[in-house]
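In what follows, a structure is listed as structure tokens, so that the remarks can point back to it.
The values are calculated or read from the model by the stated rules, or taken from the named source; none is laboratory data. The structure presented is a predicted model; accordingly, all values stated were derived computationally and were not measured. Glycine gets a Cβ as well: all are built from the backbone with ideal geometry, and neighbour counts include every protein chain shown.
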Amino acid sequence: MKCEVCGKEFSKKKYGEPYNNICSSECFERKIWIDRIEDKDNPHSVIVDHTAYWIGSENDKTYFRGFGGRKFKIQFNDGRYVESSNLWHNGDILEEYWSDLPDNAVFIKEKQESLLNF
């Protein structure tokens, strides 16, 4: 078999679909970002400070929610504003993919009330 990322020949599959033509953990990680580039315009894709996130469904009835259900306010560069309690962390983007996966949003933080009211 030939690795679809680096082209190296290898004989034993290490990963399942869709990563069964990947030779190593390094190529596995690169393939994740290559796939993300193909899906970067998906409205669920969030990139802040070179870190990728995914907005899950707010109607998801499963027990698990991203970040334990913590609420995030997200302002996209294209003007969209989203609040999510089901945001999933996908990892830090490898620097070699920063130009292909540029930041597309920022997190909106609420002002913290001072504990001391002067």
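Remarks
- Within segment 13-48, tally of residues that are hydroxyl-bearing (Ser, Thr, Tyr) and loosely packed, with under 12 Cβ neighbours inside 10 Å: 1
- Failed item in (1) at pLDDT 95 or above; (2) in contact with a strand residue (DSSP E or B) (Cβ under 7 Å, 6 or more places away or on another chain), with Gly79 passing the rest: (2)
- Test result for Glu96, within 30 Å of Phe10 (Cβ to Cβ) and either of a type outside the set (A, V, I, L, M, F, W, C) or in the same structural domain as Gly7 (by TED's automatic domain parsing) (or both): yes
- Among the residues of segment 92-111, those that are over 13 Å from the mean Cα position of the chain (by Cα) and not small (Gly, Ala, Ser) comprise Glu95, Glu96, Asp100, Val106, Phe107, Ile108, Lys109, Glu110, Lys111.
- Top-ranked residue of segment 4-33 - restricted to ones that are among the aliphatic types (A, V, I, L, M) and in contact with a helix residue (DSSP H, G or I) (Cβ under 8 Å, 6 or more places away or on another chain), ranked as nearest to Tyr81 (Cα to Cα): Val5
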